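Remarks on the structure that follows.
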Amino acid sequence: MRILNWALALGASALAATFAVTCAAAVPVYSFDVVHTYPHDTHAFTEGLLYHDGFLYESTGLEKLSSIRKVRLESGEVLQKIAIPPQYFGEGIVIWKHRLISLTWKSHVGFVFDLASLKLQKTFHYTGEGWALTQDGRRLIMSDGTAELRFLDPLTLQETGRLKVTLDGQPLENLNELEWVRGEIFANLWQTNWLVRINPDSGQVVGLIDLAGLLRPSEQIPGQTDVLNGIAYDARDDRLYVTGKNWPKLFEIRLKSTGEVAGTKH
Ligand SMILES: [Ca+2]
């Protein structure tokens, strides 16, 4: 079995510099098979992605361009779309019952929309940055760019706790887009082609998913195609979707074990 140095594998030089050579547990590394490929709006700077009742919901970022959309998976057709007020940089989204909740990056403001109409119902506030949202059936889970995930009460949107995420015992920062998948939190590591699988109780990373090569170089639009971001999961049919900022494609993928583990050199 080959052991990868995870800090080098993630291309995370800052992490490598602070990494202590104390190997707690080697973490399995997964690769992927593409099951289906779907079109994706190359002007959608994806910040949030989820699957609900047969449709994708996607939020996009950038000032003056932020939006929330309901999208037909198969065609990429935008069925409903609202603009986020131009002073805000839109971030993650989550659905809780008949509401859709969204974050903004650095404005400390979140929005609650009626899911059916996408009409704004109210705003709420939080400290720090807003990156992504998902939910585990009991709580909302929020990332803010640090190594900590926050749990929020889904009704009051007040913080109820935090989870420090660690890889091999070290805090793992830049947790971006989130998805609750089969009892684990999946997170996209910002500016990398990696997803991590997080134990929601311990915060430990229990798997690394290498998505390098998912979008081929020939499919990338110079000056426009940005980083991997966006994970959605259809729990009913066990389908996992991923895309990226301004990517021309959205992929259904299936994870496969590489037989490799990531850890440190001993
Ligand atoms: Ca998601």
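The values are calculated or read from the model by the stated rules, or taken from the named source; none is laboratory data. Keep in mind it's a predicted model, so treat the numbers as computed, not measured. Glycine also receives a Cβ, built like all others from the backbone with ideal geometry; neighbour counts cover every protein chain displayed.
Some observations on this one:
- For the criterion of being in contact (Cβ under 8 Å) with a residue 12 or more places away in the chain, surrounded by 17 or more Cβ atoms within 10 Å (Cβ to Cβ) and away from the ligand (no atom under 15 Å from the Cβ), residue 195 fails.
- Scanning region 110-127 for residues that are surrounded by fewer than 18 Cβ atoms within 10 Å (Cβ to Cβ) and assigned to a strand (DSSP E or B), we see that the one that is nearest to the chain's Cα centre (by Cα) is 112.
- None of 130, 137 is outside any strand (DSSP E or B), touching a Gly at 6+ places or on another chain (Cβ under 9 Å) and away from the ligand (no atom under 12 Å from the Cβ) except 130.
- Residue in region 77-95 that is within 14 Å of the ligand (Cβ to nearest atom), at pLDDT 95 or above and surrounded by fewer than 23 Cβ atoms within 10 Å (Cβ to Cβ) present: yes
- All of (1) at pLDDT below 95; (2) over 24 Å from residue 113 (Cβ atoms); (3) loosely packed, with under 15 Cβ neighbours inside 10 Å; (4) out of contact with any His (no Cβ under 9 Å at 6 or more places or on another chain) hold for residue 21 with one exception: (4).
- Test: residue in region 234-244 that is of a type in the set (Asp, Glu), more than 16 Å from the ligand (Cβ to nearest atom) and under 15 Å from residue 50 (Cβ atoms): yes
- Checked against (1) in a strand (DSSP E or B); (2) without any contact (Cβ under 8 Å) to a residue 60 or more places away in the chain; (3) more than 21 Å from residue 96 (Cα to Cα); (4) not hydroxyl-bearing (Ser, Thr, Tyr), residue 222 meets all criteria but (1).
- Any chance residue 62 is within 16 Å of the ligand (Cβ to nearest atom), of a type outside the set (Gly, Ala, Ser) and in a loop (DSSP other than H, G, I, E, B): no
- Annotation note: of 264, 243, 258, 225, the sole residue that is in contact with a Ser or Thr (Cβ under 9 Å, 6 or more places away or on another chain) and at pLDDT 95 or above is 243.
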